[in-house]
Structures are given as structure tokens and as C-alpha cells.
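S.K.: Here it is: the structure, laid out below.
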Amino acid sequence: MRQLSLFELEEEQTGIEEDAPEVIRNAWREAKKDMKKNFSELQALSYEDKIKRQTEKAYEFYDEMQKRGCEAHVSVGGLDSITLFIWLHSIGIHVPAISVSAVEDKGNQKVHKALGIELVKSYKTKVEVLNECGFPVISKRIAGKIDLLQNPTEDNKTVRHAIITGECGEQGHFAKNSRMKLPQKWLKLFGGYENENEGVGYQKPDFKVSNDCCYWLKEKPCDDWAKSHNSYPYLGMMASEGGQREEALVEHGCNYYGATVTRSAPFAIFMRNDILRLALEMDDWYRNHIDLFAELYYQQPYSRDKNGNVIPYEPLGTIIPSAYGEIRQHENGDYYTTRAQRTGCSMCGFGIHIEERPHRFDRLREDNPVEWDFYMKRCVTDPITGEKYGWGKVLDYIGVGWEDVPAVQMELPIDQMM
């Protein structure tokens, strides 16, 4: 397990260490307010102005990489980064793309191959991650804290105390109620590992929790590929997604050249409506430039069978992966997807507790009943008892329904509902 210090965990949220003098922390908070205000103004630009501005940002990053003698690439997963890859080609930035495609939805995988994206292998399988590390549940930040509680050491004693109580100790100037504390809802379910130390009476589950899944499945494989190719990524992140992504993009901007991280996020100021509109435009652009992507396809190993024979290119009917359904417009002009808004690894549970049903695991049952049965009931084996269980046990524990088939409201065009 990779453990973060108290201040590293807090730094993800605030961008400044907890033990900084109060005057510096107050100045930082004011600066963050100004950053947020300026960023909100960019998000409020018209679609056309956003495209123009972000085209300049994309070229700015590409030119900077060229000046440094480096390459650039696109890291691709779902619809946002698929759209980004095609859009970069459409504006004349012809960079390769990579994807740990095997962990994505089957529909995403089909699109990846048809776009000629290079496939990168995970360092662990999904089953290995669940068994060896634990379940990625609630959020990456909270799962990391639960992981610390489940793996106590003398070195993380202060951090564990802060997670339970919010008290940061001497290094944190004895701050109370810090953001290190787990929300009470999750303390009740996962804080029991510290009952004896803290004099509390919380519960603890009989399964492991971890946020290391992305590290082994995606992050490290892609980072190592980038290092070996002296290349830096374009990412399909948007601040409108909220959470850590929003904080990072507001603080660091669309293009970031840091000591340990260099990346471009051309869609940083986009709203969901912008990305779906652009996806439809790139769907048309793909169909008008199929030869470009066919050429990329034939450069990849998967364009040949095990005997070396060429597998003919099959153009896509649409670049929108099947898990998203279709992109349509409401009467007010806003765009939406008829199925999933997001896709990703079929074993990821981050955010599942706030999804309405049918949630991601319900859709997995619809799309792939065999895979659903495996991940819900028997993907993990208890090393002591030999019991087999899966996401079903985890969802039961946090109060998320999964076993019943949800009633789904059919979505009809508004004119048919009048």
C-alpha cells in the first residue's frame, strides 16, 4: 500500500501545507477565490469562443513540448478523451493516443481500436487489484483514508487520529475539525479500526477498501509509457466534473508544467453541454476522415491476426460508445446521453452511492450478465475462510441496491409526453 502523509492528503485539497502560518493560509484562500471567479468567467464563454481559446491552448502545449524536445500524446478512456483525440486531429495536432483499453467498457474498446489507439497493458488484473488491494468505493480520497485505517502503523498514527477526530496535532497547530476527518456517515461504517485507540464504537467491514486501483490499472502503466517515449499527455478533464479535478484545474489552469506533472487539459473550461455538442461534431468529422483513422489502425498490432494476416478495417457507425446510448437534445437545446454519462472500469465503485438507478452495475448486468454475476458475487476470495464474494457485499454494506432489477422510466421525446 502506498501511504500519504497527513500533509500530502491535505495538500490534494488545499494546495498548501496544513502547517503553513495562518497569514499564508488566509492569503491562499483569497487567491483561490480569485482563481475560481476567473475560471467561472471562462466557463461562461460562448461555445464558439471556448473552441477558439482552447485551440490556442492546445497548440501552446504542443509548441512547448516541441521546444523542450518532447513528444505529446492523448490518454484515452471514455467519450470525453475520445472526442479530444479526434478534435486535436481536426485542428491539425496529429499526436498518438494510448489507452489501457482492457479495463474499459466493451463499447469503448471497439471505438479505441477503430481510431488506431495504442493499447497499454495494466500491471495488475482487475481481480488481482480487488483481492490484493481492496474495493474502490465512495471516492478516491475517502477510500485512501479508509485504507490507512485498515493498515495501521506507527508512522501513520497521527494521520489515523486526524481521520477519526479531525485533530491534527502539533504539526497541524492543533487544528480542530480539519478536512482530514471522515464524514460521520462513513466514520460509522469504517471507523471501527480505531475503536480501542479513540474510545469510539464504530463499525468495520469484513472487506478491504483501497484507492490503489487506478494506480495499478491505468496510472503507472500510462506514466511508464510516457516516460519511455519522452511524451506528455493531453487529458480530457473538465473542471465542471467537480472534486479534485476541479480544484487542480482551477489552481493550475489548462496547461500545467510542474516539477513532477506536465499535462494539457484543453477541455478544462468546458461544461457537459459543450463536450456533447463537440462529440457530435467530431462524429461527423470522423466519418469524413475515415482514411486517417484506418491508417492509424493498420499501424497497430491488433490489425493482424495471430498468423500475421491483415484484419480489414471496419469503420464505426458512430464514435459515441454504446454505453452512452445516443446524444440527444432537450427542448431547451441542452444535450444529454440516453444511457451512461460516464463510463470506466467495470469494477470501479467510486461515486456509486450517489448514482440513481439504473446505476453502473445495473447497466453492466444489462450489457454483460456473465461479467456482472462474477463481479457482484465471486470476484474476491477470502484468504482465510475461502468465502467468495464481490461488489454485492460492499453495496449491501453501504446501502446501495443492486440485486433487484430497477424499474426504469422510459425516456420519450418531450413532444410525445405532452
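S.K.: Quick one: divide the alpha-carbon radius of gyration of region 52-93 by 2.2 N^0.38 Å and tell me what you get.
M.R.: Taking the Cα Rg and dividing by 2.2 N^0.38 Å, one obtains 1.18.
S.K.: What is the antiparallel percent of DSSP beta bridges lying wholly in the chain, to the nearest 5? Mind showing how you got there, number by number?
M.R.: Details: 9 of 21 bridges.
Once the DSSP bridges in the chain are tallied, antiparallel ones form about 45 percent.
S.K.: Just the projected area, averaged over all directions, of the convex hull on the alpha carbon atoms of region 175-237: how many nm²? It would help to have the intermediate numbers written out before the result.
M.R.: On the way: hull surface 30.6 nm².
With the hull built on Cα positions only, its mean projection is 7.7 nm².
S.K.: Debye calculation, C-alpha points only, no solvent: report log10 I(q)/I(0) for region 270-386 at q = 0.10, 0.12, 0.19, 0.21 Å⁻¹, in the same order as the q values.
M.R.: Values returned for q = 0.10, 0.12, 0.19, 0.21 Å⁻¹ are -0.50, -0.69, -1.12, -1.17.
S.K.: Could you give the Stokes-Einstein D for region 286-329 in µm² per second, using the C-alpha Kirkwood radius, 20 °C, 1.002 mPa s? Intermediate values should be presented prior to the final figure.
M.R.: Values: Rh = 12.3 Å.
D = 174 µm²/s.
S.K.: Calculate the radius of gyration of the Cα atoms of region 350-400 to one decimal place, then report Dmax, the largest Cα-Cα distance, as a whole number, both in Å.
M.R.: 11.8, 35
S.K.: Be a star and scan region 309-351 for residues whose amide nitrogen sits under 20 Å from the point 7 Å along the Cα-to-Cβ vector of residue 128.
M.R.: 345-349
S.K.: Can you pull out the GluC sites (Glu not before Pro) in region 342-392 whose DSSP state is coil and whose Cβ has at most 11 other Cβ atoms within 10 Å? Mind dumping the intermediate values first?
M.R.: Details: sites: 355, 356, 366, 371, 387; in loops: 355, 356, 387.
Here the sparse-neighbourhood loop sites are 356.
S.K.: Same structure again: What fraction of the Cα pairs in region 242-336, stated in percent, has a spacing above 17 angstrom?
M.R.: Values: 3049 of 4465 pairs.
For region 242-336, the share of Cα pairs beyond 17 Å comes to 68 percent.
S.K.: Using a Cα-Cα cut-off of under 20 Å, which aspartates and glutamates could be cross-linked to residue 33, ignoring same-chain neighbours fewer than 8 residues away?
M.R.: Within reach: 10, 11, 12, 17, 18, 22, 41, 241, 246, 247, 251.
S.K.: May I ask you to compute the full-extension gain from residue 44 to residue 223, defined as 0.36 nm times their residue separation minus their alpha-carbon distance, rounded to one decimal in nm? Please report the intermediate quantities before stating the final value.
M.R.: Numbers: separation 179, 0.36 × 179 = 64.44 nm, distance 3.31 nm.
Between residue 44 and residue 223, full extension yields an extra 61.1 nm.
S.K.: Write down the accessible area per residue of region 297-418 in Å², having rolled a 1.4 Å probe over the full set of protein chains. Walk me through the intermediate numbers first.
M.R.: Details: 7480 Å² over 122 residues.
Accessible area per residue, region 297-418: 61 Å².
S.K.: Run the quick spin-label model on residue 328 and residue 121: label points 7 Å from Cα toward the beta carbon, then report their separation in nm to one decimal.
M.R.: According to this spin-label approximation, the distance is 4.3 nm.
S.K.: Can you pull the semi-axes for the chain, root of five times each eigenvalue of the Cα gyration tensor, sorted largest first, whole Å? The partial results should precede the final answer.
M.R.: Working: eigenvalues 258, 160, 103 Å².
Each semi-axis is the square root of five times an eigenvalue, giving 36, 28, 23 Å.
S.K.: Please tell me which of these pairs span more than 21 angstrom C-alpha to C-alpha: 181/204; 185/393; 126/393; 113/140; 157/188?
M.R.: Details: 181/204 16 Å; 185/393 18 Å; 126/393 17 Å; 113/140 29 Å; 157/188 19 Å.
Among 181/204; 185/393; 126/393; 113/140; 157/188, the Cα-Cα distance tops 21 Å for 113/140.
S.K.: With all distinct Cα pairs included, what does the Kirkwood hydrodynamic radius of region 99-234 come out to in Å, to one decimal, could you say? It would help to have the intermediate numbers written out before the result.
M.R.: Values: mean 1/r = 0.0583 Å⁻¹.
Averaging 1/r across every pair of different Cα atoms and inverting gives 17.2 Å.
S.K.: Follow-up question, since we're still on this one. When the chain is fully extended, how far beyond the present Cα-Cα distance does residue 157 get from residue 404, taking 0.36 nm per residue of separation?
M.R.: On the way: separation 247, 0.36 × 247 = 88.92 nm, distance 4.13 nm.
Taking 0.36 nm per residue and subtracting the Cα distance, the gain is 84.8 nm.
S.K.: Hey, which of these cross-link pairs are over 30 Å Cα-Cα: 306/377; 124/377; 124/306? Walk me through the numbers before you get to the answer.
M.R.: Numbers: 306/377 34 Å; 124/377 20 Å; 124/306 24 Å.
Pairs exceeding 30 Å: 306/377.
S.K.: How much FRET efficiency would the formula 1/(1 + (r/R0)^6) give for residue 230 and residue 102, where r is the Cβ-Cβ distance and R0 is 30 Å, rounded to 0.05?
M.R.: Values: r = 25 Å, r/R0 = 0.83.
The formula returns an efficiency of 0.75 here.
S.K.: In µm²/s, what is D for region 49-128 at 25 °C and 0.890 mPa s, where D = kT/(6 pi eta Rh) by Stokes-Einstein and Rh is the Kirkwood radius from Cα pairs? Present the calculation step by step, with values, prior to reporting the outcome.
M.R.: Details: Rh = 13.8 Å.
Answer from the Stokes-Einstein relation: 177 µm²/s.
S.K.: Length gain on complete extension for the stretch residue 204 to residue 355, per 0.36 nm per residue less the alpha carbon to alpha carbon distance? It would help to have the intermediate numbers written out before the result.
M.R.: Details: separation 151, 0.36 × 151 = 54.36 nm, distance 2.36 nm.
Taking residue 204 through residue 355 to full extension adds about 52.0 nm, to one decimal.
The values are calculated or read from the model by the stated rules, or taken from the named source; none is laboratory data. Note that the structure is predicted; figures quoted are calculated from it, not measured. Every residue, glycine among them, receives a Cβ derived from its backbone with ideal geometry; neighbour counts consider all protein chains shown. The area values use the complete protein model at the heavy-atom level, side chains included, leaving out ligands, DNA and RNA. Shrake-Rupley method; radii C 1.70, N 1.55, O 1.52, S 1.80 Å.
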